[in-house]
Amino acid sequence: MTASAAYALPKPGGIDMQPAASALAEEVHFFHNGILMPVMTGISLLVLALLIWVMIRYNSKSNPVAKKFSHNTLVEVIWTGIPILILLAIALPSFELLFKEGVTPDGKQVVARGDGQTVDFVFDNDFPESRMVKRADHLQVILDTGAERRTLKNRQDFTVEGWGEPELVVSLNEPAPRGASVILRGGRSTQNVSDCPMAKRYVDGCDKEVVLAPTMTLKVNGYQWGWTYSYPDFGDFEYSSNMLPEDQTTAALYRFEVDNRVVVPVGETIRVTTTARDVIHSWALPNFALKIDAVPGRFNETWFRAEEEGVYYGQCSEICGVRHSFMPIAVEVVSRPKFEAWVDSQRALAGLDPMFGDNNVKLAQADAGASAE
């Protein structure tokens, strides 16, 4: 799936949510379409059927003499107990989603090189006590030979000693080939693997993948009526982003396109902090199931990880004044090399030296070789 301007925009007459561009957005959409909608539809049809049955069975012609009782214990227990069970069925998966959305991932990655003999590799479990790696879905072991990259199975391909201890010892059943990368990813923030069909995730289950800690922070500041963005990890340069006039864009992109887009790298965790200068705004990107208020005098935080390159559009989702509908958001997701070139171009505009020279370390989650061994 390749994202494009047409893909990332709402379509006229559309009644569904915009296509998901991240694994977390897929889970949010499934929660709505696969859990909430069937429950709401079932309740609506049941209530409609009961109303029709009462109108037919108990109208004045069919039932001229009304009953005199005012209570029925069994009926009252049923109409109290069943809604409680329904709410519990909705609450349990929603708690997991709220946790994933509300807690910025802190996973880390360690890369070791195989020598054809070593089978034991150590992962420092140096997280706070509440965030330590304590079970199998908190740890990923990936073997990358250059020609093939695959995720190994716990107990089938490797074993682990020291769950919940300061050091985990990962023992492969077979030595890693010489020159191959053994990638250990650990953390409590996990999500289903992106190539697993959504239906299978909740029926047969899927392996979890650890979400790594953010490689960068995007600072968002809302004002009447536009946005300013800054990148503190890359020199803290700042620029404004405002809606393009109608004569400078196409009819389809009018009120969506901006003069300066947000640019982020694909496949990496992005921390987003929001605030505002004047009134409450809301930074929202439907394709990522992302919506967070920008409140004056307060910093809010969220995160996202784009799975595909492309341009994704959103709008301010808080009524903030007469030009509320003229505050579009445009996020361009690009490859890591293009992102680094863009950063250096912005640094040049701000009078700063290039950051990504040939000898600079490039912190890219998408490239296992970029992590320290």
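The values are calculated or read from the model by the stated rules, or taken from the named source; none is laboratory data. None of the values given here were measured: they were computed from a predicted structure. A quick note on method: Cβ atoms are made from the backbone with ideal geometry, for glycine too, and the neighbour counts reach across all protein chains shown. Protein only, heavy atoms only, side chains kept; ligands, DNA and RNA dropped before computing areas. Shrake-Rupley method; radii C 1.70, N 1.55, O 1.52, S 1.80 Å.
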Query raised in the report: Put +1 on the Cβ of each Lys and Arg and -1 on the Cβ of each Asp and Glu in region 207-348; which of Pro328, Ser317, Leu290 then has its Cα farthest toward the positive end of the dipole?
Result: Ser317
Report summary line: Contour minus Cα-Cα span, Arg155 to Lys291, at 0.36 nm per residue, comes to 45.0 nm
Query raised in the report: What is the extension gain from Glu76 to Asn173, computed as 0.36 nm multiplied by their sequence separation minus the C-alpha to C-alpha distance, in nm to one decimal?
Result: 29.0 nm
Query raised in the report: Rounded to the nearest 5, what % of the DSSP beta bridges within the chain are antiparallel ones?
Result: 80
Report task. Springs between alpha-carbon atoms under 10 Å, Gaussian network over the chain: tell me which of Pro83, Pro93, Pro337 tops the mean-square fluctuations. Result -> Pro83
Query raised in the report: What is the distance, in nm, between label points placed 7 Å from the Cα along the Cα-to-Cβ direction at Glu148 and at Glu96?
Result: 3.0
Report task. Pull out a ≥ b ≥ c, the square roots of the eigenvalues of the alpha-carbon gyration tensor of region 216-345, then state rounded if a/c is under 1.5, prolate if not and a/b is larger than b/c, and oblate in the remaining case. Result -> oblate
Query raised in the report: Of Lys11/Lys108; Lys208/Lys291; Lys100/Lys219; Lys153/Lys338; Lys100/Lys153; Lys134/Lys338, which pairs sit farther than 30 Å apart, going by alpha carbon to alpha carbon?
Result: Lys11/Lys108; Lys153/Lys338; Lys134/Lys338
Query raised in the report: Cα centroid distance between region 110-137 and region 225-258, in Å?
Result: 42
Query raised in the report: Sorted by mean Cβ packing within 10 Å, highest first, what order do the peptides 33-46, 262-275, 126-139, 69-82 take?
Result: 262-275, 126-139, 33-46, 69-82
**Report entry** Relative contact order for region 310-355, counting Cα pairs under 8 Å that sit 6 or more residues apart, in percent
**Finding:** 31
Report summary line: For region 204-321, percent of DSSP beta bridges that are antiparallel (nearest 5) comes out at 70
Query raised in the report: Distances over 37 Å make up what percent of all Cα-Cα pairs in the chain?
Result: 36
Query raised in the report: How much length, in nm to one decimal, is gained on full extension between Thr41 and Ile86, taken as 0.36 nm per residue of separation minus their Cα-Cα distance?
Result: 14.9 nm
Query raised in the report: log10 I(q)/I(0), Debye, Cα-only region 5-79, no solvent, q = 0.23 Å⁻¹?
Result: -1.15
Report task. Extending each Cα 7 Å along its Cβ direction at Ser335 and Asp259, get the distance between those two points in nm, one decimal. Result -> 3.1
Query raised in the report: So what is the 222 nm mean residue ellipticity for the chain from helices alone, if each DSSP H run of at least 4 adds -39500 (n - 2.57) and you divide by all residues, rounding to the nearest 500 deg cm²/dmol?
Result: -7000 deg cm²/dmol
Report task. Convert each backbone phi in region 296-312 into a coupling constant with the Karplus relation 6.51 cos²θ - 1.76 cosθ + 1.60 (shift: θ = phi - 60°), then list the ³J(HN,Hα) values in order as whole Hz, x for Gly and Pro. Result -> x, x, 8, 9, 10, 9, 8, 7, 7, 9, 7, 8, 9, 5, x, 10, 10
Query raised in the report: What percentage of the solvent-accessible surface of the chain, computed with a 1.4 Å probe over protein heavy atoms, is contributed by carbon and sulfur atoms?
Result: 57
